[in-house]
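The structure appears below as structure tokens.
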Amino acid sequence: MKSKQTQKQIIVFSRYPVPGTTKTRLARALGDLGAAEMQKKLTEHTISQVRKFLQLDPVAVLVSYDGGSLEQIQEWLGPDFTYRDQGSGDLGQRMERAFRTAFTQKYKRIVIIGADCPGLQARHMTQAFESLRHNDLVLGPATDGGYYLIGLSRCETSLFKEVPWGTDTVLTKTLNLAKQKGLSIDLLEILSDVDRPEDLKHFNHHTST
């Protein structure tokens, strides 16, 4: 049986920053190299906040990556995390697989965070895990209609089926699915992802403050 500390897991979803394969929508403004560099900076920001959170709450951490090799990811982000390739399928299928695996491994509270949100801070992770003490689902809403964080305290795979990923209705659809299943829900503060050229102002805001 897992200790109380390791009953919780953070899963970081990210991509290895290969020009031409990551942040392709940003490439319209930044070029392929610039878009990959933005992916690198956003991921490193996310990992830095995870490390800050771990100083207060040493939970298990898994980096779920896409692109690059295990050796490249470890060399980039460090050897002290567990790493796993995201595998095939759309975003929903990959998140469902990550949650299902974590619950199979007997984790009780699991939080997935993306690596696209410059406003994400360690305190949001603290709030998410605290929320999961009393709720089935916690979401960090994004201004584009999606979410930057999702946490579960029970395995509910229906939340990842028939969701229009990459659209401005992801959050609404997810909330509707959760309500249909009778899940208790909590929402964190609204933050902004950086996926499109018009989102760059959010990155500039957080890096200049």
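The values are calculated or read from the model by the stated rules, or taken from the named source; none is laboratory data. Since the structure is predicted, the reported quantities are computational estimates derived from the model, not experimental observations. Cβ: placed from backbone, ideal geometry, glycine included. Neighbour counts: every protein chain shown.
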> Residues in the range 109-124: is at least one at pLDDT below 95, charged (D, E, K, R) and under 26 Å from residue 187 (Cα atoms)?
Replying inline: yes
> Quick one: which of 147, 65 is in contact with a Gly (Cβ under 7 Å, 6 or more places away or on another chain) and aromatic (Phe, Trp, Tyr)?
Replying inline: 147
> Say we look at the range 99-121 and pick out the residues that are out of contact with any helix residue (DSSP H, G or I) (no Cβ under 7 Å at 6 or more places or on another chain) and among the β-branched types (Val, Ile, Thr); which of these is nearest to residue 12 (Cα to Cα)?
Replying inline: 101
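Name every residue in the range 124-145 that is hydrophobic (A, V, I, L, M, F, W, C) and over 12 Å from residue 171 (Cα atoms), in order of residue number. Working first, answer last.
Pass one, the range 124-145, residues hydrophobic (A, V, I, L, M, F, W, C): 125, 128-129, 132, 137-139, 142.
If the condition is that a residue be hydrophobic (A, V, I, L, M, F, W, C) and over 12 Å from residue 171 (Cα atoms), then 125, 128, 129, 132, 137 are the ones that fit.
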> Of all residues in the range 188-209, which are surrounded by 15 or more Cβ atoms within 10 Å (Cβ to Cβ) and at pLDDT 70 or above?
Replying inline: 188, 191, 192, 193
> Consider residue 155 against the criteria (1) touching a residue at least 60 places away in the same chain (Cβ under 8 Å); (2) within 15 Å of residue 11 (Cβ to Cβ): it satisfies all of them except one. Which criterion is unmet?
Replying inline: (1)
> Just wondering, is there one or more residues in the range 169-179 that are among the small types (Gly, Ala, Ser), without any contact (Cβ under 8 Å) to a residue 40 or more places away in the chain and either surrounded by 15 or more Cβ atoms within 10 Å (Cβ to Cβ) or closer than 20 Å to residue 109 by Cβ (or both)?
Replying inline: no
